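Here, each number is a calculation from the coordinates, and none is a lab measurement. This structure is a prediction, so every number in the text was calculated from the model and none was measured. Please note: Cβ atoms are built from the backbone with ideal geometry, for glycine as well, and neighbour counts cover all protein chains shown.
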Amino acid sequence: MKKPLFFLLLFPLLLSCQSSRKEPTKKTKYLFEKTESEWEAELSKMAFYVLRQAGTERAFSGQYDKFYEKGVYQCAACATPLYQSQYKYDSGSGWPSFDRGEDKNIEYDVDYKLGYARTELKCYKCGGHLGHMFNDGPRDTTGKRHCINSAALSFIPETNE
């Protein structure tokens, strides 16, 4: 008599433990597609590690962490505009942080690499890994923090024309 009760209690638990992660049914197509060896030949070692292997640079080591010039941050792999300098702020995290990006150029994905779901940010045009989005950004704006690796970015300064 205890066995049916045990299985009735265990069955919902087993169902809830199934991964909610959706495996891609087909490879995402990007506007800029290259082989990994082509990307590796074009990018710096750190940019390749971050953009193509979803790596993370050490905190406080990136060139754009304490960088506040006016201009546009673009993808280091394909030069797609991603972030405007007016939305950059010092989060104290050790990585460049923005409260918003150019949504049409950013792909929002789910990353389970640490064992739980995080919002991964990728370049919409080449699929390069940029960083992650968190809900601990400035409350007076979006409340979001786009935590981005400097190695994933290049910067175009504002011109006074």
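Note on Asn160 and Ser61: the model spin-label points, each 7 Å out from Cα along the C-beta direction, lie 3.7 nm apart.
Here is the P(r) of the stretch 36-157: all C-alpha pair distances, binned every 5 Å from 0, give 2, 12, 23, 26, 22, 10, 3, 1, 0 in whole percents. Working from label points 7 Å from Cα in the Cα-to-Cβ sense, the Asp109 to Phe134 distance is 2.1 nm. Please compute the net charge surrounding Lys34, taking Lys and Arg as +1 and Asp and Glu as -1 over other residues with Cβ under 11 Å from its Cβ. After counting each charged neighbour, the total is -4.
Over all other residues within a Cβ to Cβ distance under 14 Å of Gly137, the charged ones net out to +1, with Lys and Arg as +1 and Asp and Glu as -1. For Lys125, give me every one of the aspartates and glutamates with a C-alpha distance below 20 angstrom, ignoring sequence neighbours fewer than eight places off in its own chain. Answer for Lys125, where 20 Å is the Cα cut-off: Glu33, Glu36, Glu38, Glu40, Glu42, Glu102, Asp103, Glu107, Asp109, Asp111, listed by chain and number. Using 0.36 nm per residue and subtracting the Cα-Cα separation, the extra length available between Ala117 and Val72 on full extension is 13.3 nm. Counting Lys +1, Arg +1, Asp -1, Glu -1, what net charge surrounds Lys70 among other residues with beta carbon under 11 Å of its beta carbon? Neighbourhood net charge equals -1.
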